[in-house]
Every structure is written in structure tokens, then in C-alpha cells.
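Before any comments, here is the structure.
Each reported figure results from applying straightforward, stated rules to the coordinates on display, with no laboratory input. The structure presented is a predicted model; accordingly, all values stated were derived computationally and were not measured. Cβ coordinates were reconstructed from backbone atoms using ideal geometry, including for glycine residues, and neighbour counts include every protein chain displayed.
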Ligand SMILES: Cc1cc2nc3c(=O)[nH]c(=O)nc-3n(C[C@H](O)[C@H](O)[C@H](O)COP(=O)(O)O)c2cc1C
């Protein structure tokens, strides 16, 4: 699959079934994704893979924290078992030399690259955040250290036949692009000076 096709056809897939990549295939794909833009080549991220019953623990931690009753606890447990593989993306900023926002941008780039590589292999994925990303209980359960922060999980698997999301038609975003010479024409300080004589 060429890059343009991958970008145009990737969708967030909500219904994911087995198979998902095994540990070895995930590592292979991540190795490719790790070449995403990364100022200072810091790799300010790490991944924690959760499979089968381990994923239910995420929901149980959130249920515990929110004081959910038995029915809500069960719903939360099921909610976090929606895919055969949940890859938790941990933001692990490294030092002050590169501003933190740039490191966060690098972590986002690697996630997108990974989603495209998964898609090119006919796996589906969706980046999920919500309560997960802010829950101290989930952070403790995953063993986050120091300044680390959970950026959510990528749920990964195979889109169920018939449920795969339809390709989106890209919006016309040309209004977000300004040619600098158009901008300059409307600014007296940068307007071209009339030539003498
Ligand atoms: C940082 C981030 C967090 C997201 N969190 C959620 C989420 O919690 N739940 C969800 O259903 N989708 C989540 N998404 C997926 C977006 O909703 C989705 O990408 C968007 O609707 C566009 O759809 P598409 O990916 O199919 O093109 C998240 C995406 C990003 C980049």
C-alpha cells in the first residue's frame, strides 16, 4: 500500500477482533514507526502491551476510583476489553534540552506512524484516551514513573467484517493555507516599496 492510500483509507476502528500482532510483530512495526520525526532523537515514549484479562484491569481501576456500583464496574471491565491488544502509550520526557511540547509532538508522530503501518498490514486501531489517560489508578497499575504520563492506549486488532469504517472524503482545507506574498500585500510594513524614478 502506498503512503497516500494508507493515509486516505486509515480509519479509527471501533470493533476489533483477533488476530492482533503478536509481541514480535508489534516490535517490528514499532521499530519502523520509531523513525518518525523526533527532535534530538530522544524517543520520549515507551509502550506497555496488555492482552486478554490484563485489559479488564484498566476498567476495574477506573471503576474503583469512581466508586462505580457492580453493574457499572462490569460495564467498565467490558469496555476496556474491546480489542485483543491494547498498547498503552507512555510519554516519557527526557531532559530539558528539547522543550516538552516538542517531545510530546514526537510521541504523537510515532503513534500515527504506527497506526499507518498497522493499517497497511490490514490491522485496525483506535487511539483511546478518556478517563484512562487521567486516572491515577491506571497510572499506578501500569507502573508509570516520575514525569511519565499516559497518552492513552492504541486498541489494536482486526476490523470485524462489515464493521470497518468507511473511507472519509478529506475536507477542503485550502483556507488554512496562506501564501506569504498574499499576506505581505496586506501589511504596509512588508508591502513592496515603489522603486525610485
Ligand atoms: C489523542 C487522541 C485521542 C483520541 N481519543 C479517543 C477516544 O477516547 N475515544 C474515541 O472513540 N476516539 C478517540 N480518538 C480517535 C478520534 O476520535 C478519531 O481519530 C477521529 O474521530 C477521526 O476519525 P478517524 O481516525 O476514523 O479518521 C482519539 C484520537 C487522538 C489523536
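Quick look at the values:
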{"item": "Normalised convex hull volume, region 142-183, alpha-carbon set, Å³ per residue", "result": "154"}
{"item": "Euclidean distance between Cα centres, region 1-50 to region 58-99, Å", "result": "19"}
{"item": "Added length on full extension, which subtracts the Cα-Cα distance from 0.36 nm per residue, residue 96 to residue 25", "result": "22.3 nm"}
{"item": "Full-stretch length increase - residue 187, residue 161 - with 0.36 nm per residue and alpha-carbon distance subtracted", "result": "3.8 nm"}
{"item": "Column: log10 I(q)/I(0), Debye, Cα scatterers of region 48-109, q = 0.25 Å⁻¹", "result": "-0.91"}
{"item": "Rough spin-label spacing in nm, given labels placed 7 Å along Cα→Cβ, for residue 145 and residue 178", "result": "4.5"}
{"item": "Quarter of the Cα convex hull surface for region 3-165, i.e. its orientation-mean projected area (nm²)", "result": "9.9"}
{"item": "Percent RCO, i.e. relative contact order, over region 3-165, from Cα pairs under 8 Å lying at least 6 residues apart", "result": "38"}
{"item": "Zero-based 10 Å bins, Cα pair distances in region 1-66, whole percents", "result": "13, 32, 37, 16, 1"}
